[in-house]
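The values are calculated or read from the model by the stated rules, or taken from the named source; none is laboratory data. From a predicted model like this one, the values you see are computed outputs, not experimental measurements. A quick note on method: Cβ atoms are made from the backbone with ideal geometry, for glycine too, and the neighbour counts reach across all protein chains shown.
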Amino acid sequence: MNRKKDKGFESPRPFKLTHQVVCINNINFQRKSVIGYVELTIFPTVVNLNRIKLNSKQCRIYRVRVNELEAPFIYNDPTLEVCHHESKQRNLNYFSSAYTAAVSAVDPDAGHGELVIKVPSELWKQGDDLKVLKVYIEFSLDQPKGGLHFVVPDVEGSMAERGAHVFSFGYQNSTRFWFPCVDSYSELCTWKLEFTVDASMVAVSCGDLVETIYTHDMRKKTFHYVLPIPTAAPNISLAVGPFEILVDPYMHEVTHFCLPQLLPLLKHSMSYLHEIFEFYEEILTCRYPYSCFKTVFVDEAYVQVSSYASMSIFSTNLLHSAMIIDQTPQTRRCLAQALAQQFFGCFISRMSWADEWVLKGISGYIYGLYLKKTFGVNEYRHWIKGELDKIVDYELKMGGVLLHPTFSGGKEKDNPTPHLHFSIKHPHTLSWEYYKMFQCKAHLVMRLIENRISMEFMLQVFNKLLSLASTASSQKYQSHMWSQMLLSTHAFLKSISNVSGKDIGPLIKQWVDQSGVVKFFGSFAFNRKRNVLELEIRQDYTSSGTQKYVGPIKVTVQELDGSFNHTLQIEENSLKHDIPCHSKSRRNKKKKIPLMNGEEVDMDLSAMDADSPLLWIRIDPDMSILRKVEFEQADFMWQYQLRYERDVVAQEEAISALEKFPTPASRLALTDILEQEQCFYKVRMQACFCLARIANAMVSTWQGPPAMKSLFTRMFCCKSCPNIVKTNNFINFQSYFLQKTMPVAMALLRDVQNLCPKDVLNFILDLIKYNDNRKNKFSDNYYRAELIEALTNSLTPAISINNEVRTVDNLNADVRLILEEITRFLNMEKLLPSFRNTITVSCLRAIRQLQKNGHIPSDPSLFKSYAQYGHFVDVRIAALEALVDYTRVERSATELQWLLVMVQNDPAHYVRHKILGMLCKNPPFTKTTDSALCNEALVDQLWKLMNSGTSHDWRLRCDAVNLYYTLFGLTRPSCLPLPELGLVLNLKEKKAVLNPTIKPELGVSTVMDTPASIGIHGVDEEPDPISLGVCGVGQPPQGLKRKAETPLGSPPEPGQILQQQDDDARGGRYKIRFNTMEDEDIDMETVHDSQAFIHHHLNLLERPSTPGKEPPSVEQTMLTMPSTPAPSFSKETTSLSSKHSSEHSHHHHHHHHEHKKKKKKHKHKHKHKHKHESKDKEKERERDNSHVYSNSPASGRSLRSPSLSD
Amino acid sequence: NITRAVMSCGQFRNSKAASSPAENYHLARRRTLQVAVSALLTECGFESAEKAAVETLTEMMQSYITEIGRCAKAYCEHTARSIPTLPDTVVALIEMGFNVDTLPVYAKRSQRMVITAPPVTNSPVTPKALSAGQKRTHPAHIPSHFPEFPDPHTYIKTPIEPVHNPFLRDVERALTRFMAKTGETQSLFKDDITAFPLIAARPSTIPYLSALLPSELELQTLEETDSSEQDDQTDSENTTGNIINDDPGADKENSMLPPSGGVPSTKASEDNVIDNPYLRPVKKPKVRRKK
């Protein structure tokens, strides 16, 4: 086994993939279908390679050939339907473990796959020379629900004129959704990609476009791509459409693609990409690894940015013209992210899922460096603070985020994150929110490493990794160097220690191997006699999501004499730290005060405590711990900190702290900051909102005009007529952002009656009235949207008398004015739409607020019309957000249904994902509240959604799981009737008895569980040695619990009904029901029969393929059907094969053997035309020896093959 | 009959157009009409007629034709066109109680008299409009006998000095109200659905286009601010400099530039400069030999 030479990387597969051809020779936009083939070149690494496992989902496989020989195969996707729907469990614990097991069963990182190909015996019997195998697979995709997304606008004209396009997408490794492959980030190979598309279209894919050739009829052309750099299948992508092509004017090897008519926007938006390139190449001292780069902008994108080898797919909504201010930095950020991931993520790929954090961390880190360079240090620190706050809030609320999970022993019990309702073992079981936080934390930890070893070393490490990878990438496969392109945690840490000579072990242990953040509480006292600052730092490490910190912490103390850094050691039991002060209090001397940055300033020290030389204290100012600090210091100290500390993070902390001190002094400090033009604009913006809150707290003593009004007037209004705003001129972005924010904050002001002051409202209305953008070179759409938001913020609940119906007549006069404006804005938008329809978005929010506050009747119909497919996505999301809110407030079952239907049917994946996300954020009810909405039908519906309705989209499925968790919690939903436990267990006797109260309904399509699988959840069984790895047939290591729970995979029952469903025109689908199940004793003792186990495992292999789009409703079917020809098309094989995840309960298999013998008395009706029940029984005994492959569905025959156990 | 109808229209328009400057012309037409009336009379068997009678008949004829023209023009303008077409005239005739079906037979009648063409008189010279700018020549696909382009200012957008309209908001409100009244609406209130009419939300097939592309108005604003604030150099860069401009200094400027119209700039000239696989010509398929 040559693999062992590869340092650290052990392939889970008995072969090595070296090259893959993907050829898609037809893309039909009308039917949304794709036909093609793949050819994988593999080198076996074992003697007698007899099975090849590949990943494939959704694809319909027509034939498989290995070295020109027809090869039998089976296709089995246990994730299609996680728990068989007859399960009445309905508890999330059960689902999550079943789902994890299903994902594990086909996990390419463990060497598994949905598609198992049997190598024809002629090939593997040839002996031990390890020769090349070429695996050729023909496949098609029909209306794919995942993996590829077709956008086909419903207008007149050819597909190109309509702007129809298709592109690949997915969350993590999802390439298996559109072609068979080894869908692992660690299996690298070179690629040849061919796409034949309509002559009016362009196919953009990974690698170099070698040539484009017309087909013979000249109506189509074939794009030939070659990717010589070894690349993992998940990094392969495709986009086809009538794209407009823009060659980057600065870098001719970079090409940009956008949809028709958007070229001017593309030109503008891409005009700075070369700067990002230059930046990365410079800091990494490494050339961009691929010979070309392509950006494609598509509609209905799954995520804003997704990076693949040598290309990135973006949302078309990132494109903008030069008139747009707010979108510009966002688009630049997205480009920078995409490019960072080209180096780390695409070129260098991860070795395993546990190493994901390294790649996300590095790409996030270098992206951060770009932000620092482009947007400045203030922006960078502001961003870091934001990221830190985000991860801290998330972990404290939801529990820890673990970067580098290890699964020792592979047992489910060792779950490192028991607080979560999902498993973190696979990317595909993660909640999206968790994954976002994971990336955020990974980057922050990378920054912590930088703090520890310096940026120079950090960049040297990256450079080293890239050089290694690029040397490896140019090698031929045989040199076994390719695994150098995979990055593992271990290799990364080793590289760090080699380069820097520093031991970062403790840091890694704290933040990478452990989850949680640190929560500090700080307070201090000044001891005048000793001239010592007595600092107390306590920690909370018992709450969820926290951990204990031991180690150094930096404290910065600003004294009268200057700023001093102290490094304290946080130890187990020491809470108090004495810090000697440098200066005596001597405030009578007039002297400038030196700041940290060397600046010396005059301060008015009158506010200070006369006895203390302390101006302010900061704990961990560099954010070198992932922590939350709650620090207590006097209000004047916060005010000094706000005014004089130059670090924006300190200023922002001071602003949040000042909210608790509504005093004239705080007001003054905030107003000063607001007027301070040198101050970072985001700090000033934050100050606006703080000022509004302080003003409200001081409402009875407030002097002068409403907060910010005079300032705004001075800055933005005409000198002669202060209520009229100047003609817009947004050339100075800082004041533009301030101009946008101030009215929004002002509208939050309240008078003593808790109403928005009349003059504030009039002021905002005047701003709208006199808004004039004609002389401005920038669009004012965001500004106007903010003015509408200001109107929204001014709303207060209506005074309602006897819950009267809201009518036009009793409309409040102020609200009438607001409504006038909103109506006008919304109507004008129809005539002159604004960029990204920002105005409509704001108007919809305003209308919902008006409804919620009882000014206008609460009514969902307007939002429903804006939520429809065909509106701009931002508008839809805003409308849906309003609907979600309506659903919660009005407890409307109809609207909830409407939303859930949209989750199932909407063409845009992003919208479906968003709806579930918003429902989780603003749930109609929660597990702790009672609601009429919570009923059995809803439970069933959501269960179905996550169980089988979302199998085409990992992200959506996890969203559904999240929603289920939010609504019902981990256990059985309380609204369900008491579980009628199918089985009564007697643990002592290890006997289970079918609950006699359950009588399966005959003729109703409800499908009963197999007796052995009902309700024995949680039975603690002895581990079976055989199930742990003897068979190696997709047996997940942790499968024991799963086995007991899974109601799957038992051999055919005599009592089953095979029923042909005639609704499917393409062929029969069969539904099998257990006919009658009378009380049956199940002998738990008979479980462990190793012989039977092995055979069942082998059986699993030999079931026919399952390319079904719908989860087969089959519990179990004919294992032995040598005489049964597979019906005419692959669809049928779906039904014939059941979904046998390999971990399917072996116990149960065995049970059934046992009882089948007893059950012969049971009647069985096979309505299916192939009546072979009798054979079935007869063959039962035979089954263990006979192994049948159903051959290619296309060939329509099945063949017997020698048992694999031979 | 077609010619007659059209002619009548033409006459009507001419008679109106040439009120004072071309009295002669007008009279000549009138005389032709008189001849026509006389011919008709002859056709009907009259040998002579009193002048006053002929005059009266001529007057009636003229009124009738004028009415046809007026009526046809009204129909035409109803459908937002400016030149009446045959169907307009037909409808006009029907409206006036004339059985159009009889017209073809009447036109082909045997005893029809041929009237000589009206004497050539100087047709009234429409005073030449002040022409401004260079007229565009016909592009290759338009035959040269087609009318030439009008003055550029009549169809090419020219910057208008924005006039501050203090009633802009009222205009906007009135416009949106009008739109709301004439189209489908949505309402926020159930008791009075006309109170705050909202133009109904209508899904579009390609929603991102209108949401991303700047509107005409914005583009115009941009052009104006550009022409007033930026120097000419940037304008020329905008049109030509985008593709092969390697001047690093231009970058900053470029980011401020407006998108250059809606027309993708032709890359023909750059093709030989840039070697990008997507710009290369598509190859012809290799001819496969039949076995």
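Spot the failing condition for A:N827; the list is (1) within 29 Å of B:T182 (Cβ to Cβ); (2) more than 10 Å from chain B (Cβ to nearest Cβ), and only one is missed.
Every condition holds for A:N827 apart from (2).
Looking at the stretch A:795-821, which of its residues are at the interface with chain B (Cβ under 8 Å from one of its Cβ atoms) and either closer than 30 Å to A:L319 by Cβ or of a type outside the set (D, E) (or both)? Spell out the reasoning first.
Here is the first cut: in the stretch A:795-821, the residues at the interface with chain B (Cβ under 8 Å from one of its Cβ atoms) are A:805-809, A:819-820.
Result: A:V805, A:R806, A:T807, A:V808, A:L819.
Could you please find all residues in the stretch A:800-852 being more than 20 Å from B:P203 (Cα to Cα) and among the small types (G, A, S)?
Selection gives A:S800, A:A813, A:A846.
Say we look at the stretch A:70-103 and pick out the residues that are in a loop (DSSP other than H, G, I, E, B) and of a type in the set (V, I, T); which of these is nearest to A:T175 (Cα to Cα)?
Within the stretch A:70-103, the subset in a loop (DSSP other than H, G, I, E, B) is A:71-72, A:76-91.
Of the ones still in play, those that are also of a type in the set (V, I, T) are A:79, A:82.
Working: A:T79: 15, A:V82: 20 Å.
Per the criteria, the residue is A:T79.
For the stretch B:22-53, give me the residue count where each residue is under 17 Å from B:R112 (Cβ atoms) and surrounded by fewer than 12 Cβ atoms within 10 Å (Cβ to Cβ).
Residues meeting the conditions: 2.
Evaluate the stretch A:888-898: report whether one residue or more is at pLDDT 95 or above and within 14 Å of chain B (Cβ to nearest Cβ).
The answer is no; no qualifying residue exists.
Those residues that are modelled with pLDDT of 90 or more and aliphatic (A, V, I, L, M), I need them from the stretch A:141-163; list them, please.
A:L141, A:L148, A:V151, A:V152, A:M159, A:A160, listed by residue number.
With respect to A:M685, determine if the residue is crowded, with 22+ Cβ neighbours inside 10 Å and in contact with a Phe, Trp or Tyr (Cβ under 7 Å, 6 or more places away or on another chain).
Values: crowded, with 22+ Cβ neighbours inside 10 Å: no; in contact with a Phe, Trp or Tyr (Cβ under 7 Å, 6 or more places away or on another chain): yes.
For A:M685, the condition - crowded, with 22+ Cβ neighbours inside 10 Å and in contact with a Phe, Trp or Tyr (Cβ under 7 Å, 6 or more places away or on another chain) - is not met.
Where residues in the stretch A:303-315 are closer than 14 Å to A:V204 by Cβ and within 13 Å of chain B (Cβ to nearest Cβ), which of them is surrounded by the most Cβ atoms within 10 Å (Cβ to Cβ)?
A:M311
Among the residues in the stretch A:212-221, are any assigned to a loop (DSSP other than H, G, I, E, B), of a type in the set (S, T, Y), touching a Pro at 6+ places or on another chain (Cβ under 7 Å) and facing chain B (nearest Cβ under 9 Å)? Lay out the reasoning, then the answer.
Narrowing the stretch A:212-221 to residues assigned to a loop (DSSP other than H, G, I, E, B): A:215-219.
Imposing the further condition that a residue be of a type in the set (S, T, Y) reduces the set to A:215.
Next, from what is left, pick out any that are touching a Pro at 6+ places or on another chain (Cβ under 7 Å): A:215.
Okay, now just the ones that are also facing chain B (nearest Cβ under 9 Å), so A:215.
Checking the stretch A:212-221: at least one residue is assigned to a loop (DSSP other than H, G, I, E, B), of a type in the set (S, T, Y), touching a Pro at 6+ places or on another chain (Cβ under 7 Å) and facing chain B (nearest Cβ under 9 Å).
Output the number of the condition that A:K134 fails; it satisfies all remaining conditions of (1) in contact with an Asp or Glu (Cβ under 9 Å, 6 or more places away or on another chain); (2) surrounded by 19 or more Cβ atoms within 10 Å (Cβ to Cβ).
Condition not satisfied by A:K134: (2).
Before we move on, is A:S33 surrounded by fewer than 22 Cβ atoms within 10 Å (Cβ to Cβ) and either of a type in the set (D, E) or in contact with a strand residue (DSSP E or B) (Cβ under 8 Å, 6 or more places away or on another chain) (or both)? I'd like the intermediate steps shown before the answer.
Numbers: surrounded by fewer than 22 Cβ atoms within 10 Å (Cβ to Cβ): yes; either of a type in the set (D, E) or in contact with a strand residue (DSSP E or B) (Cβ under 8 Å, 6 or more places away or on another chain) (or both): yes.
Yes; evaluated as a whole, the condition is true for this residue.
Within the stretch A:476-508, how many residues are assigned to a loop (DSSP other than H, G, I, E, B), among the small types (G, A, S) and surrounded by 18 or more Cβ atoms within 10 Å (Cβ to Cβ)?
At the first step, the residues of the stretch A:476-508 found to be assigned to a loop (DSSP other than H, G, I, E, B) are A:476, A:480-481, A:488, A:501-504.
When the remaining residues are screened for being among the small types (G, A, S), the result is A:488, A:501.
From what's left, surrounded by 18 or more Cβ atoms within 10 Å (Cβ to Cβ): A:488.
Of the residues in the stretch A:476-508, 1 are assigned to a loop (DSSP other than H, G, I, E, B), among the small types (G, A, S) and surrounded by 18 or more Cβ atoms within 10 Å (Cβ to Cβ).
If you scan the stretch A:222-275, which residues turn out to be among the hydrophobic types (A, V, I, L, M, F, W, C), in contact with a Ser or Thr (Cβ under 9 Å, 6 or more places away or on another chain), more than 7 Å from chain B (Cβ to nearest Cβ) and closer than 20 Å to A:T331 by Cβ?
Correct list: A:A239, A:L246, A:V254, A:F257, A:C258, A:L259, A:L266, A:M270, A:L273.
Determine which member of the set B:V125, B:V114 is loosely packed, with under 11 Cβ neighbours inside 10 Å and either at pLDDT below 65 or more than 28 Å from the chain's Cα centre (by Cα) (or both).
Details: B:V125 fails: either at pLDDT below 65 or more than 28 Å from the chain's Cα centre (by Cα) (or both).
Sole residue among the options that is loosely packed, with under 11 Cβ neighbours inside 10 Å and either at pLDDT below 65 or more than 28 Å from the chain's Cα centre (by Cα) (or both): B:V114.
Does the stretch A:847-869 include one or more residues that are facing another protein chain (nearest Cβ under 9 Å), surrounded by 19 or more Cβ atoms within 10 Å (Cβ to Cβ) and polar (S, T, N, Q)?
yes
Say whether the condition of being over 24 Å from A:E356 (Cα atoms) and away from chain B (no Cβ under 12 Å) is met by at least one residue in the stretch A:168-182. Don't jump to the end; show me each part of the working.
Residues of the stretch A:168-182 over 24 Å from A:E356 (Cα atoms): none.
No, that holds for no residue.
Taking the options A:P664, A:P580, A:P594, name whichever one is surrounded by fewer than 20 Cβ atoms within 10 Å (Cβ to Cβ), in contact (Cβ under 8 Å) with a residue 40 or more places away in the chain and not hydrophobic (A, V, I, L, M, F, W, C).
On the way: A:P664 fails: in contact (Cβ under 8 Å) with a residue 40 or more places away in the chain; A:P594 fails: in contact (Cβ under 8 Å) with a residue 40 or more places away in the chain.
Result of the check over A:P664, A:P580, A:P594: A:P580.
Please state which one of A:C934, A:C920 is more than 30 Å from A:N317 (Cα to Cα) and among the hydrophobic types (A, V, I, L, M, F, W, C).
On the way: A:C920 fails: more than 30 Å from A:N317 (Cα to Cα).
None of the others qualify; the one that does is A:C934.
Considering each of A:D959, A:D874 in turn, give the residue that is charged (D, E, K, R), in a helix (DSSP H, G or I) and within 14 Å of chain B (Cβ to nearest Cβ).
Exactly one of A:D959, A:D874 is charged (D, E, K, R), in a helix (DSSP H, G or I) and within 14 Å of chain B (Cβ to nearest Cβ), namely A:D874.
Does the stretch A:54-69 contain at least one residue that is touching a helix residue (DSSP H, G or I) at 6+ places or on another chain (Cβ under 8 Å), on the phi > 0 side of the Ramachandran plot and not in a strand (DSSP E or B)?
Within the stretch A:54-69 (the criterion being touching a helix residue (DSSP H, G or I) at 6+ places or on another chain (Cβ under 8 Å), on the phi > 0 side of the Ramachandran plot and not in a strand (DSSP E or B)), the answer is yes, since at least one residue qualifies.
Residue-by-condition table, conditions (1) more than 18 Å from A:L92 (Cα to Cα); (2) at pLDDT below 95; (3) outside any loop (DSSP other than H, G, I, E, B); (4) under 22 Å from the mean Cα position of the chain (by Cα):
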{"residue": "A:K413", "(1), (2), (3), (4)": "no, yes, yes, no"}
{"residue": "A:T417", "(1), (2), (3), (4)": "no, yes, no, yes"}
{"residue": "A:H421", "(1), (2), (3), (4)": "no, yes, no, yes"}
{"residue": "A:K425", "(1), (2), (3), (4)": "no, yes, no, yes"}
{"residue": "A:M437", "(1), (2), (3), (4)": "yes, no, yes, yes"}
{"residue": "A:C440", "(1), (2), (3), (4)": "yes, no, yes, yes"}
{"residue": "A:L444", "(1), (2), (3), (4)": "yes, no, yes, yes"}
{"residue": "A:L448", "(1), (2), (3), (4)": "yes, no, yes, no"}
{"residue": "A:L459", "(1), (2), (3), (4)": "yes, no, yes, no"}
